[in-house]
């Protein structure tokens, strides 16, 4: 009845209650078929729609993503109290407004933020983008989803550039008209300011001692990185490659996968050690590319085409902005 024509104000709550009661007495497939029809209706009783929006996720997702009868307040309630699955489907709903998306982003959950970033019809405020960018530092897929959007303010596109590999940066330069030199300058500044002077001084002492004892090798650098000592790794790589630590840090910020693979080659590490180096740098937020496809090919090409001396020289060139 409610699918054929609008219900009267008196009939709507009665029909809504009947539908809710009926849904508890029918089997799952029949219930799902009923809810799919209700979700497609402009006249479905609001009480039933709201009830089903908070139901088990296989039922709720149909209403959350499709029903025109779901109100803004319903969506805000879902964003505040729904399960992760309910909120993930809500984040994918077309044409979400700021009142809903601002609530959705508050917990800072990467899976929700990624679904929202992938929803090109959703409005996202600058305060919500602040949360997205903070979480994106540790989540490559979220960075990529944000980079695919076309409505980012230039300031946020610039911040995002610093967290992305070169191929993604070039696309953002073009789409948002960003100043490449300015963005790269920010990346250099970030790379050079990430480690405190005290931590660097301690790393220098460790490297001096290792060099004096004959223990300073590529494996020593790798062990330091795996142990969560990035400053010791940086100084070991720099010493072994004939660079300053600043040159190495800038080279890594500018060259990403290629720079890391060249460091391995120049330090005498085997190509089988590269995945360990890559993932450790990724965990530390210094490698912005997944170890797959293009990244694996780029690393393999370095090991195939560069000897240790050539790799060290190229790193010095990459790090020349220091």
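The table for this structure:
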{"read-out": "Any hit, segment 185-193, residues being more than 29 Å from residue 229 (Cβ to Cβ) and either buried (at least 19 other Cβ atoms within 10 Å of the Cβ) or out of contact with any strand residue (DSSP E or B) (no Cβ under 8 Å at 6 or more places or on another chain) (or both)", "value": "no"}
{"read-out": "Check on residue 45, out of contact with any strand residue (DSSP E or B) (no Cβ under 7 Å at 6 or more places or on another chain), exposed (fewer than 14 other Cβ atoms within 10 Å of the Cβ) and modelled with pLDDT under 95", "value": "no"}
{"read-out": "Residue count, segment 18-35 (criterion: farther than 17 Å from residue 7 by Cβ, at pLDDT below 90 and surrounded by 13 or more Cβ atoms within 10 Å (Cβ to Cβ))", "value": "1"}
{"read-out": "Which numbered condition residue 256 fails, given (1) surrounded by fewer than 22 Cβ atoms within 10 Å (Cβ to Cβ); (2) under 25 Å from the mean Cα position of the chain (by Cα)", "value": "(1)"}
{"read-out": "Residue check, residue 18 closer than 19 Å to residue 115 by Cα and part of a helix (DSSP H, G or I)", "value": "no"}
{"read-out": "Count of residues meeting criterion [crowded, with 16+ Cβ neighbours inside 10 Å and either closer than 25 Å to residue 164 by Cα or not assigned by TED's automatic domain parsing to the domain that holds residue 315 (or both)] in segment 225-243", "value": "11"}
{"read-out": "Residues satisfying the stated conditions in segment 208-224, i.e. closer than 23 Å to residue 313 by Cα and crowded, with 23+ Cβ neighbours inside 10 Å", "value": "221"}
{"read-out": "Some residue of segment 62-79 being within 30 Å of residue 291 (Cα to Cα), assigned to a helix (DSSP H, G or I) and free of Cβ contacts under 8 Å to residues at least 24 places away in the same chain", "value": "no"}
{"read-out": "Lone qualifier among 246, 253 - being at pLDDT 95 or above, assigned by TED's automatic domain parsing to the domain that holds residue 221 and farther than 20 Å from residue 226 by Cβ", "value": "246"}
{"read-out": "Close pairs from segment 299-312: first in contact (Cβ under 8 Å) with a residue 24 or more places away in the chain, partner surrounded by fewer than 16 Cβ atoms within 10 Å (Cβ to Cβ) and assigned to a helix (DSSP H, G or I), Cβ under 9 Å, at least 6 apart", "value": "299/271; 299/275; 300/271; 302/271; 303/271"}
{"read-out": "Segment 167-184, subset touching a helix residue (DSSP H, G or I) at 6+ places or on another chain (Cβ under 9 Å) and exposed (fewer than 15 other Cβ atoms within 10 Å of the Cβ), residue nearest to residue 281 (Cα to Cα)", "value": "167"}
{"read-out": "Failed condition for residue 151, given (1) part of a helix (DSSP H, G or I); (2) surrounded by fewer than 13 Cβ atoms within 10 Å (Cβ to Cβ); (3) not assigned by TED's automatic domain parsing to the domain that holds residue 308", "value": "(1)"}
{"read-out": "Yes/no for residue 199 being free of Cβ contacts under 8 Å to residues at least 40 places away in the same chain and touching a helix residue (DSSP H, G or I) at 6+ places or on another chain (Cβ under 6 Å)", "value": "yes"}
{"read-out": "Residues that are closer than 17 Å to residue 156 by Cβ and surrounded by fewer than 22 Cβ atoms within 10 Å (Cβ to Cβ), drawn from segment 111-128", "value": "118, 119, 120, 123, 125, 126, 127, 128"}
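The values are calculated or read from the model by the stated rules, or taken from the named source; none is laboratory data. Being a predicted model, the structure only gives us computed values, none of them experimental. Cβ atoms come from the backbone with ideal geometry, glycine included; neighbour counts cover every protein chain shown.
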